[in-house]
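Participant: Provided herewith is a single structure, encoded as structure tokens, for subsequent inquiry.
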Amino acid sequence: MTQQFSKQLNTLLCVGLLTLSNIIHAQNNSAVLVAAAPNQMDPIIVTATRTPTKASDVLADNVYVGPEEIQQAGQTTLVELLQRQKGVTISSYGGGGSNSSVFLRGTTNNQTLVLIDGIRVDDSFSGGANWSVIPLNVIDHIEIIFGPQSSLYGADAIGGVIQIFTKRGEGPAKINASIGYGAYGTSISEASINGSTTGDQKVSYSLAASQTLSMGFNTIASNNKDGLIAGNRTGYVQDSVTGRLSQEWQKGQEFGLQFLQSRLNNQLPALNGQDGLQQIQNQISQLGTYSLYSKNQITDAWKSLLQASAQTSNALTHSPTSGDYSAYDSTLNQRQNIYTWQNDISVGKDLLQVLAERRTQTVSSNQLNYNSLDFPYPLLGFNQSRNTNSGALAYQLKGESNIANFSIRNDSITGYGPQTTGSAAYGYFFTKEWRANVNYGTGFRAPTFNDLYYPGYGNPAVQAEKSKNTEAGLHFEKSTLEGHIVVFSNSISNLIQVSKVNCPIGTNPYTGCASNVSSANITGLTLSGMSQIDNLNLKSSFTQQNPVNQGSDTTLIKQAKQYGNIAAEYVYAKVTAGVAATFSGRRNDYLGEASGMGAYTIYNLYANYDLEKDLSLFARWNNVFNKDYQLSYGYNTPGSNAFIGLRYAMK
């Protein structure tokens, strides 16, 4: 296994060196490159500064996932798509519909902030995003910003921010639809319409819906240590709809609304909380995001965005009858309202940003209390709420060869006071193509309701996790060729983990309580590049990192020291075909070396053939060589699986 992984690593390193050599070669022989730059080479990034910025002017390390890559995803889930991006690794307890996590450069799932069209979708009760309920088929594009972004977005942006953008309407009406079928009885269908009117008081509109059904597969591996044994396949059904409507009622004045609603019904093998016997349970999760906004050009130099948004999350887990015990339901309902006023004020070529924000969070649950000393575990009702009031200032300096960003933010949170974060970044252009940058930023993760208050586990004395991140980068960016080298060091203190020391009265002595008992340090290097040579598109990335839990002097759970991706796509006439590989080094799960998960490399193929102007046939084959690997110890991942479909897209 070690020899095989070394060969794969050497291959990817050779590709990285080849990419860098191509950069040097391209400066002397630009004739081999296609003149037209693809959009993915220098897209517009919003998340890094909260304002539209060319990727070549963004100082934070970033990734843009465009509509073309999402269309080629086939049966791929959102989490699997993110796994193919630089700086990203994942964990999962099965296939689509299963609980999953996304890790940015060695940080945890609840240290990454996730937004959908600017709206937070984090879990207030336990932290992090519920990735399985977010539909991929209604997404237009995705932006990933690495490093602490709390000075722009507040709590939980220690590892970075992932923002998902749904489809918008622009130009003549366009209708799109697709349907496909593949392995594990998986079928996916989606349809959308979007466009805008012309003339004064332009109206833009977009509506998209999708459905995914899958029979699934057996997710329990033979080495499972959670008391589960291999059994029947577990499937899922996901329905989603998203829409947007806006009107520019006067030049520079726009009012609009947008929404997303998704429902996931998935099966999962679990132990009944009353008699401890294994059974198939149903978990129904619903996610909703809604917002009203007004964009106003108040003066030539002053733009205003006023937005009121809400995010709802509801989960019901149904445990069927088991032996002498009746069926029961566990529920978790969450809601957060966010009110934002962002002001962008031009100061010559520079930009001053002033932000005020208020967030209210409420949680209500009726779940089995696994912290109870009684068995069978009783159902426990739980209700909590809190408010966060925030203010932030940011300044973007734009010179001929110099660019810089500065920001500071204060978040005052009910229960444990204010948190202040800041960041500073500087970039220098040696030439039009070559630039360097150095960044420093701080971040924090707020304790969840579970960490603070849940009976038998919560600890009101627990403090926010805090981070300090320093990174530097060297970048080459041309119309059809780019390469990046980024080094980073992220120090995280007050890690919230389970401890049996200094717990409040009422804590279960066998399970412990939430405590600030450790710290982490994550250092690393990321190499990445893209190039277009005639009809061939190449893309690769490699990350070497050292994610250390300093309290135990061990590698952080589920974190690999090496991982990366490589992909090639060829376009000729009506045919697009691509091959991609994703690899990861060894990882340890919650039992340390006793739950080690080996290195893996998986290969994927995809193709698209244009039957007519607006009609195409597409296919995807994931895990071509049927690699047996695990992303959570004791749980299977999808084997070799193919998918084929038909797409109608008006051009």
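The values are calculated or read from the model by the stated rules, or taken from the named source; none is laboratory data. Computed from a prediction, not measured in an experiment: that's the story for all the values here. Cβ sites come from the backbone with ideal geometry, for glycine too, and all protein chains shown count toward neighbours. Ligands, DNA and RNA are excluded from the accessible area calculation, which covers all protein heavy atoms including side chains. Shrake-Rupley method; radii C 1.70, N 1.55, O 1.52, S 1.80 Å.
Participant: Counting alpha carbon pairs within less than 8 Å and at least 6 residues apart, what relative contact order, in whole percent, applies to the chain?
Facilitator: Computed value for the chain: 13 percent relative contact order.
Participant: With n ≥ 4 as the cut-off for DSSP H runs, can you work out [θ] at 222 nm for the chain, using -39500 (n - 2.57) per run divided by the number of residues, rounded to the nearest 500?
Facilitator: -2000 deg cm²/dmol
Participant: Among 88-94, 228-234, 183-189, what's the highest-first ranking by average C-beta atoms within 10 angstrom per residue?
Facilitator: Sorting 88-94, 228-234, 183-189 by mean packing, highest first, produces 88-94, 183-189, 228-234.
Participant: Quick one: P(r) of segment 285-412 from all Cα-Cα pairs, 5 Å bins, percents rounded to integers, in order of increasing distance.
Facilitator: 2, 8, 13, 13, 12, 10, 9, 8, 6, 6, 5, 4, 2, 1, 0, 0
Participant: With θ set to phi - 60° and the Karplus curve 6.51 cos²θ - 1.76 cosθ + 1.60, what are the ³J(HN,Hα) couplings of segment 126-141 in order, to the nearest whole Hz, using x for Gly and Pro?
Facilitator: The phi angles translate into 10, x, x, 8, 8, 5, 5, 8, 8, x, 7, 5, 9, 8, 8, 7 Hz.
Participant: Take peptides 139-148, 253-262 and line them up by average Cβ neighbours within 10 Å, highest first, as a rough protection proxy.
Facilitator: 139-148, 253-262
Participant: Sticking with this one: Within the set 202/539; 349/539; 202/398; 466/558; 466/627, which residue pairs have Cα atoms separated by over 30 Å?
Facilitator: Violating the 30 Å limit, Cα to Cα: 202/539; 349/539; 202/398; 466/627.
Participant: How big, in percent, is the set of alpha carbon pairs in the chain lying more than 34 Å apart?
Facilitator: 44 percent
Participant: Give me the dipole magnitude in Debye, nearest 20, for segment 70-171 about the Cα centre, with unit charges on the beta carbon: positive for Lys and Arg, negative for Asp and Glu.
Facilitator: For segment 70-171, the charge dipole is close to 200 debye.
Participant: In terms of solvent-accessible area of protein heavy atoms at a 1.4 angstrom probe, what is the ranking of 525, 332, highest value first?
Facilitator: Result of the area sort, largest leading: 525, 332.
Participant: Per the 1.4 Å probe, what fraction of the accessible area of segment 551-593, in percent, lies on carbon and sulfur atoms?
Facilitator: For segment 551-593, the apolar C and S fraction of the accessible surface comes to 61 percent.
Participant: Per residue of segment 384-392, in order, report the coupling 6.51 cos²θ - 1.76 cosθ + 1.60 (Karplus, θ = phi - 60°) as ³J(HN,Hα) in whole Hz, putting x for Gly and Pro.
Facilitator: 8, 8, 7, 10, 10, 10, 9, x, 8
Participant: To continue, here is another question. Probe of 1.4 angstrom, ligands and nucleic acids ignored: what's the accessible area per residue over segment 255-355, in square angstrom?
Facilitator: Ligands and nucleic acids excluded, the result is 46 Å² per residue.
Participant: Projecting each Cα onto the charge dipole of the chain (Lys/Arg +1, Asp/Glu -1 at the beta carbon, about the Cα centre), which of 382, 145, 90 comes out farthest on the positive side?
Facilitator: Checking the options against the dipole of the chain, the answer is 145.
Participant: Order these peptides, 574-587, 434-447, 618-631, by their mean beta-carbon neighbour count within 10 angstrom, highest first.
Facilitator: 434-447, 574-587, 618-631
Participant: Sticking with this one: Between residue 216 and residues 5 or more places away or on another chain, which pairs have amide H atoms under 5 Å apart, with H built 1.01 Å from N, and which residues are they?
Facilitator: Hits under the 5 Å cutoff: 236.
Participant: Work out the FRET efficiency for residue 436 and residue 375 from their Cβ-Cβ distance, taking R0 = 56 Å, and round it to the nearest 0.05.
Facilitator: 0.40
Participant: Can you send over the carbon and sulfur percentage of the accessible area for segment 300-348, probe radius 1.4 Å, protein chains only?
Facilitator: 55 percent
Participant: Can you grab the distance from the C-alpha centre of segment 275-299 to the C-alpha centre of segment 142-203, Å, no decimals?
Facilitator: 15 Å
Participant: Work from the charge dipole of segment 271-383 (Cβ charges, +1 for Lys and Arg, -1 for Asp and Glu, about the Cα centre) and give the residue of 286, 272, 341 farthest towards its positive end.
Facilitator: Comparing the listed Cα positions along the dipole, 341 ranks first.
Participant: Sorted from largest down, give the three principal axis spans of the alpha carbons of segment 101-193, whole angstrom values.
Facilitator: 40, 39, 24
Participant: Let me ask something else about it. Give me the dipole magnitude in Debye, nearest 20, for the chain about the Cα centre, with unit charges on the beta carbon: positive for Lys and Arg, negative for Asp and Glu.
Facilitator: In total the dipole reaches around 400 debye.
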